[in-house]
Amino acid sequence: MIVALLLWSVLACAWWIALPGDAPGRRWHLVHMALPGAVLALAVLAPPLGPPLLAALTAGAATLAIALAGWTAGDRLGNHALMDIVYPLMALGTALAMILAAGGDRPGPWVALVLMAIWAARLFTQMLGTNLHHEREPYASLRRKFGPRWRVWSFFAVYALQGVIVWLWCLPFAFATPAPGAASSTGLRATDWAGIAIWLIGFFFQAVGDRQLATFRSDPANRGRIMDKGLWALTRHPNYFGEAVMWWGYFLFALAHPWGWIGILAPLHATWFMG
């Protein structure tokens with residue numbers, strides 16, 4: 001707990017000091033820099049929540065390490081669109097760290113991690129092809145806006161902010177192991193199977209939606225036109241919709257813990273963010 005407190009304190013203070021007066025979304029930054037501290041306070045004030053929340057806070061070190069590695073690579077390449085490549089790896093690494101920190105031998109968390117690995121592999125491959133060789137928007141505009149300040153501020157504006165968001169979304173993985181002393185089966189629970197089913201729906205929408213959009217854009221005759229066929233006729237952004245649905249699937253694995261319902265904050269935030 002002391003290590004978590006120190007890490008969060010250093011990060012929050014540096015973030016606040018680096019925050020430019022003309023940075024867009026200042027309140028957004030202030031809320032998210034305070035979020036790990038709020039989780040730490042909740043872990044102290046509510047003992048039943050201590051073990052899973054401390055597991056989540058411990059896993060935050062992995063999130064921070066991945067964020068630092070991504071920022072270092074992006075800084076050297078002059079391309080912070082790398083964050084879109086780092087994003088699925090950050091989520092996978094954070095989820096794995098939460099499972100390991102929480103302990104237990106229930107298969108549910110590992111099944112959820114396999115699902116996330118499938119999603120991460122697909123998204124990583126896709127982003128690698130579009131973001132590796134040039135800095136896309138909005139990162140290029142932010143670089144122009146902040147000039148020399150961007151070298152330091154880019155870590156907080158891009159990697160730390162998205163790192164906290166990913167860490168929050170992975171919170172259900174810290175609850176996917178039953179509380180100590182609680183009855184635990186060696187197989188999957190009904191809520192696990194429901195989570196798998198919901199995840200499959202989300203993955204279908206994201207993968208097929210992305211494929212349909214890529215096919216549409218590859219046809220020069222569609223230049224300047226809006227995609228409104230296939231899944232794009234059902235929802236404005238089936239890829240974002242599918243992403244949000246998958247996070248709801250992970251949440252259901254958290255219901256193995258009696259306090260796992262608190263993990264609903266993760267898919268709620270993801271749904272709002274994707275919207």
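Of the trypsin sites (Lys or Arg not before Pro) found in the stretch 136-209, the ones in coil according to DSSP and having at most 16 other Cβ atoms within 10 Å of their Cβ are 136. Diffusion of the stretch 125-201 by Stokes-Einstein, at 4 °C in a medium of 1.567 mPa s and with Rh set to the Kirkwood radius over alpha-carbon pairs, works out to 78 µm²/s. Each of 61, 18, 50 was scored by the projection of its Cα onto the charge dipole of the chain, and the greatest displacement toward the positive side belongs to 18; charges sit on the C-beta of Lys, Arg, Asp and Glu.
Taking a point 7 angstrom from the Cα of residue 128 along the C-beta vector, which residues in the stretch 95-122 have backbone N less than 18 Å away? Residues 116-122 qualify, since their backbone N sits under 18 Å from the label point. Principal semi-axes of the equivalent ellipsoid, √(5λ) from the alpha carbon gyration tensor of the chain, are 31, 27, 15 Å from largest down.
Bear in mind these aren't lab numbers, they're just calculated from the coordinates by the rules spelled out. Quick caveat: nothing in here was measured; it's all calculated off a predicted structure. Reconstructed Cβ throughout: ideal geometry from the backbone, glycine too, with neighbour counts over all protein chains shown.
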